[in-house]
Amino acid sequence: MNFNLFHYTLSYVLVGSILTVLSVFIFAKGKDNALFKTFALYNLAIAWWCIFSVPAILSYNLNIAAYWCRTFIVGAIFIPTLFLHFAYLLLGYLKRKKYIRILQFSYALSCFFLLANFTPLFIHSAEVKQTLRAYTVPGPLFHVHVFQFFITMFYGEVLFLRKYLYEKKKVEGRKYLYFFVTAFIATLGGGANYFPVYKLEYPIINPFGTYLIILYALTVTYIIFKYKFLNVAILIKRTIVFAGLFVASYLVMASIAYLGTTLFENFNHNRWITMVASVMIIVLMLRPLEHFLKNVTDKFLFQKKYDYKKLLRTFSDKVITVLNLEELVNLTVSNLVEIMKLENASILLRDEEMGEYHVVASSGLDEFTYYLEEQDHIIASMQSNEEYILLNGPNENQSYSDNI
C-alpha cells in the first residue's frame, strides 16, 4: 500500500467512525426533533460516504470497485441537501415559502441523482486513478452532481456567515461563525475527494484534505458543550458519571483480586473472601464517588447550566419562610452557589448611615472585603436601567468599579 492510499484509507476510517458515533448520539437524544434528526442524517451521510469509500479504493477488481463507488456516492448525493436542510432549520428559514421551494428542489435533484446512480449516466465504471487502486469513472450526470454539491454547500455556509454578521454582537452569534468556518474547511477538504475522479491530485490536500472533516466533528462537539447546542448536556453528564463509576468499581475488584491472590494465596484459597471485600469497598465508595463525579462534570463542563425551576422552587419553599435577615441572606447565597454551580457569590446591602453597600453574606470570598459607594458605576447603571448587569457577555469590556 503506497503512502497516499494509506492516508486515504486512514482518513476515511477515522471520519466515518467519528461521525457515525456522533450521528447515533444525536439521533438517540432527539429522534422526535426535526433539527436533531436532520443534523444526525447529515453527519451520517458523510460517514456513509467515507466508510464505503474504503472497499472501493482498495479493490483490485474493477467491477467490484464500481459497485462500491455507486454505494459510497449515495452519501455524497445527499450531503449538500441535508446540510442545507439543517441550515434552514437552525436559522429558522423554513417559515418562508421561498426557502421551502429551494429545499424541495434540492431534495428532488438528490433523488434524481440517486435513481440515475443505477445507470452509466451517473457512474460509468471504475478504473485505476493515480495512487488509488480503483475510483469512479463519471458519467455525464455526475458532473451536474459535483456542481450542485459545491454550489449548495457554499450557499449554506454563506447563510451562516450572514447570520453571524447580523448577530456578531451577541454571545451566541459566535456559533454561526464556527459553523461557517468549519463547514467551509470541511467542504474544501472533503470536496478534494472529487479530484481523483478527474485524474487530479494536489499535494497535501490529496489525501490529507479528508482529515479536515475531523476538525469539523471536533468543533461541532465543542459547540454542543459551549452553547448547549442540541441540549445534550444531561446525557453527556450521565454518561461520564456512569463510566467513572464502572471504571472505579472494576479497578477496585481487580486490585483486591490481585492483592488477594498474591498476598494471601498461601493462607486461604477461598475466592469468596476477595469477592466480599470488593463488594463492601464498592458499596462504601459508590455514593461519595458519584457525588465527586457530578461535581467535577458540573465544574468543568456545565458550570453555568442550572435548573431555574429548582432555583425558584427552593426560594419558594425555604427562603420566603425565613424572617431573620442574616439567616435569609446566608441561605440565599448558599442556595445560589449550590444550584447555579458558582465558584463564589456575595450579597451587598445598603448602609443607610454611610451611604455605601457592604457585603453581608458571601461564599468563596471570605478573605476579600469590599464595598460599593453610592456613586459607583454599577449602582448608577442598575438604578438608571432597572435591570441586571451581565459581565460575561456583549458588555464584558465595559468599565466598572475596580472593587469587582
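The values are calculated or read from the model by the stated rules, or taken from the named source; none is laboratory data. As the structure is a prediction and not an experimental result, all values here were calculated from the model. In this analysis, Cβ positions are derived from the backbone assuming ideal geometry, glycine residues included, and neighbour counts consider all displayed protein chains.
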Please determine, by comparing only the residues of the stretch 19-38 that are within 23 Å of ILE213 (Cα to Cα) and among the charged types (D, E, K, R), which one is nearest to the chain's Cα centre (by Cα). LYS29
Condition test on ALA65, is it aliphatic (A, V, I, L, M) and either in contact with a His (Cβ under 7 Å, 6 or more places away or on another chain) or over 30 Å from VAL158 (Cβ atoms) (or both)? yes
Which members of the stretch 89-127 meet the condition of being within 23 Å of ASN61 (Cβ to Cβ), aliphatic (A, V, I, L, M) and in contact (Cβ under 8 Å) with a residue 60 or more places away in the chain? ALA126
Any idea which residue in the stretch 54-106 is nearest to THR20 (Cα to Cα), counting only those that are among the hydroxyl-bearing types (Ser, Thr, Tyr) and assigned to a helix (DSSP H, G or I)? THR71
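Listed here are the residues, each with its yes/no results for (1) in contact with a His (Cβ under 9 Å, 6 or more places away or on another chain); (2) modelled with pLDDT under 65; (3) more than 30 Å from LYS168 (Cβ to Cβ).
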{"site": "ARG313", "(1), (2), (3)": "no, no, yes"}
{"site": "VAL319", "(1), (2), (3)": "no, yes, yes"}
{"site": "ASN344", "(1), (2), (3)": "no, no, yes"}
{"site": "ILE347", "(1), (2), (3)": "no, no, yes"}
{"site": "ASP351", "(1), (2), (3)": "yes, no, yes"}
{"site": "GLU374", "(1), (2), (3)": "no, no, yes"}
{"site": "PRO394", "(1), (2), (3)": "no, yes, no"}
Which members of the stretch 161-197 meet the condition of being in contact (Cβ under 8 Å) with a residue 24 or more places away in the chain and within 24 Å of PHE142 (Cβ to Cβ)? ALA183, PHE184, ALA186, THR187, LEU188, GLY189, GLY190, GLY191, ASN193, TYR194, PRO196, VAL197
Determine which member of the set ALA28, ALA40 is modelled with pLDDT under 90, small (Gly, Ala, Ser) and farther than 21 Å from PHE149 by Cα. ALA28
Is it the case, given these coordinates, that SER125 is modelled with pLDDT of 95 or more, over 26 Å from the mean Cα position of the chain (by Cα) and among the polar types (S, T, N, Q)? no
The lone condition ILE51 fails out of (1) within 24 Å of VAL146 (Cα to Cα); (2) touching a residue at least 60 places away in the same chain (Cβ under 8 Å); (3) under 22 Å from the mean Cα position of the chain (by Cα) is (2)
Selection from the stretch 107-122 of residues that are closer than 24 Å to SER23 by Cβ and in a loop (DSSP other than H, G, I, E, B): ASN117
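If you check PHE6 against the conditions, is it farther than 25 Å from LEU141 by Cβ, part of a helix (DSSP H, G or I) and more than 19 Å from the chain's Cα centre (by Cα)? Quick ask: steps written out before the conclusion?
Values: farther than 25 Å from LEU141 by Cβ: yes; part of a helix (DSSP H, G or I): yes; more than 19 Å from the chain's Cα centre (by Cα): yes.
Criteria met by PHE6.
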For PHE105, state whether it is modelled with pLDDT of 95 or more and surrounded by 18 or more Cβ atoms within 10 Å (Cβ to Cβ). no
